[in-house]
1. Using the count of nearby Cβ atoms within 10 Å as a rough guide to exposure, how do Ser283, Ser49, Ser261 rank from fewest to most?
2. Classify the stretch 114-211 as rounded, prolate or oblate from the Cα gyration tensor: take a ≥ b ≥ c as the square roots of its eigenvalues, call it rounded if a/c is under 1.5, otherwise prolate when a/b beats b/c and oblate if not.
3. Among all the lysines, which ones have a C-alpha under 16 Å from Lys229's C-alpha, if same-chain residues fewer than 8 places away are not counted?
4. How large is the Kirkwood hydrodynamic radius of the stretch 48-116, in angstrom, based on all distinct alpha carbon pairs?
5. To the nearest 10 degrees, how steep is helix 74-83 against the longest Cα principal axis of the chain, on a 0 to 90 scale?
6. Report the equivalent ellipsoid semi-axes for the stretch 36-177 in whole Å, largest first, defined as the square roots of five times the eigenvalues of the gyration tensor built from alpha carbon atoms.
7. If we count other beta carbons within 10 Å of each Cβ, what is the order of Leu337, Leu209, fewest first?
8. Which shape class, rounded, prolate or oblate, goes with the stretch 259-357 when its Cα gyration tensor gives a ≥ b ≥ c as root eigenvalues, a/c under 1.5 marks rounded, and past that a/b bigger than b/c marks prolate?
Amino acid sequence: MYAERTWQRGSIASAWQTPWLLSKRWDLTYISLSAILVPVPFLLYQLFSRYGVPGGIVDPVGAVDILVAIAVGGPHMCSTYTLTFMNRNFTRRYPVYVGFALLLPVLVTILGLVNLTLLLTVFMMWASVHVLHQIAYIADCYRVKGNDYQSLFSRLIDYGVIFTSLYPMAVVKLVANEFVISGTRITIPFIVGQYWCIYAAHALFFSFLVLFIAKTALEVQQRRANFPKTLLMVITICLAYIVPSARNLDVAFQGMNVWHSFQYLGLTWYLNRLRLERGEVTSEIVRRITSQERGLQFYLFNVGLTLSAGVMAVLLNVGLGLPWIQSYYIVILSCLLIHYYFDHFLFTRIQEMAGAT
């Protein structure tokens, strides 16, 4: 009987392949189990609400936003530039694409001055797609590194459940006109009051979820399931569905932002390290901060870029007399939208990450 139970456990374990990107420890730390960081902004908010914010900041939400921006949000955004603007190979190969990126700050500045609500609506919609695209990218990297062929239908199920997971509860808030970010009500006219949108969003998500569960069960039965990909997707699906139901969306989405940013910093450091090993890093600064032992230097460099962006926002506020909220969003959203713009391209280059051994 003991031998039979041992054999069964071994069969279940061997049904899963484990194509880690770098190593089991690194992947679990930076990719999947770093989801433990999601509650941190909420815990900070509760702490600040009860005991006050050090430094005289009155608004607990604002304090959380600043801490997240300096610690991970800003650095992850700036780390994109080590792969793009600071890489001569990239700027020379894709000059038109890089040129269009420079138009985004112009668009952000115009909207920031004319219609801040529209700017925040565009930002929230693009941010949600960007976060989910990163998960799909990592899942694809695990798939490519694995030893199992995945059909187009199988991949579409993965993409479907990922890209529909964040929206069912968000649509509930939009339909009720209760989707508020930074004190601004995000309104999409053809969704407000349309309760059928809630049923449609849930039906689409749960349809893909059932297909994903069935597909995964079949893969386990056929002894070809991909453990790192499945683990990441299950964690993402659960968090993405639950987080938008929170009462305070500013703090809730900062939780997802912390996890997303922490993941991204690990990914950009590793991609730069792979490029360094292939002799493809053209920037001396990036070369110095990307070696295996210099993860901290890489992080601190991007913190420095983040603080520089903060100084630019202060200059707009003090020098040009723009309201602080507009100064902040013009600078930060300009950098963020460029980051999103570049990443939708970088996230298609799966072989650059997954092709490494």
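Read the figures in this text as sums done on the coordinates, not as results from a lab. Computed from a predicted structure; not experimentally measured. Backbone-built Cβ (ideal geometry, glycine too); neighbour counts: all protein chains shown.
1. Numbers: Ser283 16, Ser49 13, Ser261 25.
By the 10 Å Cβ count, ascending, the order reads Ser49, Ser283, Ser261.
2. Values: a/c = 3.79, a/b = 1.76, b/c = 2.15.
Verdict is oblate for the stretch 114-211.
3. Excluding near neighbours in sequence, the set is Lys24, Lys145, Lys215.
4. Value: 15.2 Å, from the Cα pair sum.
5. The two axes meet at around 70 degrees.
6. Numbers: eigenvalues 192, 119, 71 Å².
After scaling each eigenvalue by five and taking roots: 31, 24, 19 Å.
7. Values: Leu337 22, Leu209 17.
Result, fewest neighbours first: Leu209, Leu337.
8. On the way: a/c = 2.87, a/b = 1.93, b/c = 1.49.
Prolate, since a/c reaches 1.5 and a/b exceeds b/c.
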